[in-house]
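Some notes on the structure that comes next.
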Amino acid sequence: MPVTTIQSFLKQEAASGIILMFAAVFAMILANSPWASWYDLLLEVPVVVAVGSFEIAKPLLLWINDGLMALFFFLVGLELKREFLEGDLSKPGQITLPAIGALGGMVVPALIYVAFNMDNPAAANGWAIPTATDIAFALGILAIIGSKVPLQLKVFLTSLAIFDDLGAIIIIALFYTEQLSVTSLVVSAIILTVLFGLNRKGVKSTSPYIFLGVVLWVAVLKSGVHATLAGVILAFFIPMEGEKGEPSPLKSLEHNLHSAVAFIVLPIFAFANAGINFSGVGLDQILSPVPLGIVLGLFVGKQIGVFGFCFVAIKLGLAKLPTNVNWQLMYGVALLCGVGFTMSLFIGSLAFEQSSDSPLFQDRLGIVIGSLISGLLGYFVIKNAVKKM
């Protein structure tokens, strides 16, 4: 991407992160106010879409998590395809360090979480929760620090987060899939074949892809594979090149979707999933295995994994420290990677059932505390480093 495009992208992501913070805080205020029951009732409102005898019936919360978030994953898929074809991730020399950092930032937090929960199979299912990084939140924190933050540091964080998202997609596909429906999988395979045929025949209009994408989402939803993965899969079939003299269909879709996802979809998701009732929450709850494993995974695991893996890679000559970036700034970014919020909440909703006695509510507690500590310390480390420059 040209520098101006990168700056525009980062500016939009940063603004989205700030709005995400307000949405999450507002949800927590409501969940701990006299209107808490209304907040819960809103998320439990049944929403039914029916065509003849076929229907999809889900509470509003699951329409947000399965439906709206499919748009988010569709956008992630578009960004991945563009980045790997012609962006920064198409250049081998520039992908090594963020790829290694992302790997460390997934492996170490997962191991820390499992160490605290290996004796409880139900709780251990949440091992992937602290592996995520919320790029919008992290860039929002950098935006608060100001314009002195080097652009190369923001690009490194964004590249690392893209690999992090790719890792999350693979984890969801492999480890958070329910009992499979053969019929729905066959329907999905047929749709994928048609999408492949459209792409190979050079169909540039996005309309048939979007129509088939909706059908694919329904088929995947009914198959037992998580429905949001339909968004990622669809994105890979969107043509990169347009008709002669016409803009790229992929880039046009990415541009048109970005604001809606950043300023509507993600804040709605944060509002729907961040409402934690803190009444009765004490030190015993915080120090129980699920929240403690998440807090330490995000705060300790991310900084050790990201910074440690990057440090070793640079010392071994496998990669170079980004221009205008020193070790203190790298450590600050490693801390910011511990802000897992959006994707961590999403993985938590897949790992644990939505019930009052499930680890789901404990996982939200751990995500909020771990993300808050990581974000605050990352802010002060980077702010201090920027002052010295």
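The values are calculated or read from the model by the stated rules, or taken from the named source; none is laboratory data. These numbers were taken from a predicted model, which means no experiment stands behind them. So basically every Cβ, Gly included, is an ideal-geometry build from the backbone, and we count neighbours across all protein chains shown.
Any idea which of 68, 75 is at pLDDT 85 or above, under 20 Å from residue 231 (Cα atoms) and touching a His at 6+ places or on another chain (Cβ under 8 Å)? Show your work before the answer.
Details: 68 fails: touching a His at 6+ places or on another chain (Cβ under 8 Å).
Just one listed residue meets the conditions, 75.
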### Task
Return a yes/no flag: does the stretch 52-61 have any residue that is in a helix (DSSP H, G or I) and closer than 20 Å to residue 342 by Cα.
yes
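Mind telling me which of the residues 301, 338, 308 ends up being crowded, with 24+ Cβ neighbours inside 10 Å and assigned to a helix (DSSP H, G or I)?
On the way: 338 fails: assigned to a helix (DSSP H, G or I); 308 fails: crowded, with 24+ Cβ neighbours inside 10 Å.
Residue meeting the stated conditions: 301.
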### Message
I'd like to know if the stretch 83-94 contains one or more residues that are surrounded by 20 or more Cβ atoms within 10 Å (Cβ to Cβ), in contact with a Cys (Cβ under 6 Å, 6 or more places away or on another chain), assigned to a helix (DSSP H, G or I) and in contact (Cβ under 8 Å) with a residue 60 or more places away in the chain.
### Response
no
### Query
Looking at this structure, is residue 187 touching a Lys or Arg at 6+ places or on another chain (Cβ under 9 Å), surrounded by fewer than 21 Cβ atoms within 10 Å (Cβ to Cβ), outside the structural domain of residue 67 (by TED's automatic domain parsing) and touching a residue at least 12 places away in the same chain (Cβ under 8 Å)?
yes
### Query
Going by the conditions given, is residue 218 surrounded by fewer than 21 Cβ atoms within 10 Å (Cβ to Cβ), β-branched (Val, Ile, Thr) and in contact (Cβ under 8 Å) with a residue 60 or more places away in the chain?
yes
### Query
What is the number of the single condition among (1) part of a loop (DSSP other than H, G, I, E, B); (2) modelled with pLDDT of 90 or more that residue 243 does not meet?
(2)
### Query
Only one of these conditions is not met by residue 184: (1) in contact with a Ser or Thr (Cβ under 6 Å, 6 or more places away or on another chain); (2) of a type in the set (S, T, N, Q); (3) at pLDDT 90 or above. Which number is it?
(3)
### Message
Just to be sure before I move on: is residue 388 of a type in the set (Lys, Arg) and closer than 20 Å to residue 141 by Cα in the structure I sent?
### Response
yes
### Message
Return the pair list, or none, for Cβ contacts closer than 7 Å from residues in the stretch 273-287 that are surrounded by 10 or more Cβ atoms within 10 Å (Cβ to Cβ) to residues that are small (Gly, Ala, Ser) and modelled with pLDDT of 80 or more, at least 6 apart or on different chains.
### Response
273/349; 274/24; 274/27; 275/27; 275/31; 276/31; 277/31; 277/36
#### Entry: Among (1) modelled with pLDDT of 80 or more; (2) closer than 23 Å to residue 257 by Cβ - the single one residue 87 does not satisfy
(1)
### Message
With the structure loaded, tell me whether residue 373 is touching a helix residue (DSSP H, G or I) at 6+ places or on another chain (Cβ under 9 Å), assigned to a helix (DSSP H, G or I) and either outside the structural domain of residue 287 (by TED's automatic domain parsing) or at pLDDT 90 or above (or both) or whether it fails that test.
### Response
yes
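Would you confirm whether any residue within the stretch 156-176 is part of a helix (DSSP H, G or I) and more than 26 Å from residue 77 (Cβ to Cβ)? It would help to see each step written out before you state the result.
So the first thing to find is which residues in the stretch 156-176 are part of a helix (DSSP H, G or I), and the list is 156-175.
In the following step, the residues that additionally are more than 26 Å from residue 77 (Cβ to Cβ) were identified as none.
Looking through the stretch 156-176, none of the residues is part of a helix (DSSP H, G or I) and more than 26 Å from residue 77 (Cβ to Cβ).
Just to be sure before I move on: is residue 119 among the charged types (D, E, K, R), at pLDDT 85 or above and surrounded by fewer than 24 Cβ atoms within 10 Å (Cβ to Cβ) in the structure I sent?
On the way: among the charged types (D, E, K, R): yes; at pLDDT 85 or above: yes; surrounded by fewer than 24 Cβ atoms within 10 Å (Cβ to Cβ): yes.
Criteria met by residue 119.
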